[in-house]
1. Just one of the numbered conditions (1) surrounded by 15 or more Cβ atoms within 10 Å (Cβ to Cβ); (2) assigned by TED's automatic domain parsing to the domain that holds R23 is not true of D78; which one?
2. Which residues, taken from segment 89-131, are hydroxyl-bearing (S, T, Y) and surrounded by 14 or more Cβ atoms within 10 Å (Cβ to Cβ)?
3. What are the residues in segment 141-162 that are in contact with a Lys or Arg (Cβ under 9 Å, 6 or more places away or on another chain) and under 22 Å from R101 (Cβ atoms), if any?
4. Condition check: under 19 Å from the mean Cα position of the chain (by Cα) and within 23 Å of N16 (Cα to Cα). Does L63 satisfy that?
5. Yes or no: T146 outside the structural domain of Y38 (by TED's automatic domain parsing), more than 17 Å from the chain's Cα centre (by Cα) and crowded, with 17+ Cβ neighbours inside 10 Å?
6. Step by step: first the residues of segment 13-39, then only those that are surrounded by 19 or more Cβ atoms within 10 Å (Cβ to Cβ) and modelled with pLDDT under 90, then the one that is nearest to I73 (Cα to Cα). Which residue is that?
7. Consider segment 36-59. How many of its residues are more than 14 Å from the chain's Cα centre (by Cα) and either closer than 19 Å to L100 by Cβ or among the aliphatic types (A, V, I, L, M) (or both)?
8. Can you pull out every residue in segment 135-161 that is part of a loop (DSSP other than H, G, I, E, B) and of a type in the set (D, E)?
Amino acid sequence: MADSTETMLDNSTLDNSTLSKVRTLVMPIVTDLHLDLYDLEFRGGTLRITLDTPPGSPGGVDLDQLALATRLIGREFDHADPVPGHYTLEVTSPGVERTLRTPAHFQRELGKTVAIRLRDTAGDARRLQGVLSAADEHGATLLLDTPGPDGATERVVPYHLIDRARTVFVWGPAPKPGGPKKSAAGTKKPADAKKPSAPPSRKEHS
């Protein structure tokens, strides 16, 4: 399974050597469970491991998979002790609106609406939103919802300029004015909205 955690927007407080040890321990477990290691982050005393189903899979990660992954990873960490000190291990899934931190994250979300906040840019120009039309190892291309000050409808954003990025959940098109109304009981939500992401599974380590 793919490892998409080679970090582009690395805001963790663990050194690269420790992150590499954690990744090495986690990857065989994730592969055996037929899942992807979507992200790896250490913040505020919590080691957050985000798992996802492979691209193109019909469903997301469920509670049973998260619980099993937490047990297996926790047991491996108890033996290898890759992270010094006390911390909380949290195994979770990305959710409907996904944080984008690596080139692989952007590449697997092509065609979706994303919101980007840029670094060191004042005013409205700091925030961009549009459809992700392309992504490579260096940057992402957006078809902007709102044209820029120069009238441009497309923008290429290098990754090093991005402070934060995430996908934006978009509901289906609004009904046309004067069209037939649906009762609340007859209203259907998109498939993604029926199954919210499973809550994270946690384990304390010391």
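The values are calculated or read from the model by the stated rules, or taken from the named source; none is laboratory data. On a predicted model such as this, the values are computed, not experimentally measured, just so you know. Because the Cβ atoms are built from the backbone with ideal geometry, glycine has one as well, and the counts that use them run over all protein chains shown.
1. Evaluating D78 over (1) surrounded by 15 or more Cβ atoms within 10 Å (Cβ to Cβ); (2) assigned by TED's automatic domain parsing to the domain that holds R23 leaves (1) as the failure.
2. T92, S93, T99, T102, T113
3. T141, L142, L143, L144, H160, L161, I162 - these are the residues of segment 141-162 that are in contact with a Lys or Arg (Cβ under 9 Å, 6 or more places away or on another chain) and under 22 Å from R101 (Cβ atoms).
4. no
5. Values: outside the structural domain of Y38 (by TED's automatic domain parsing): yes; more than 17 Å from the chain's Cα centre (by Cα): yes; crowded, with 17+ Cβ neighbours inside 10 Å: no.
No.
6. L19
7. Of all residues in segment 36-59, those more than 14 Å from the chain's Cα centre (by Cα) come to 42-47, 56-59.
This time we only want the ones that are either closer than 19 Å to L100 by Cβ or among the aliphatic types (A, V, I, L, M) (or both), so: 42-43, 47, 56-57.
Residues meeting the conditions: 5.
8. D136, E137, D145, D150
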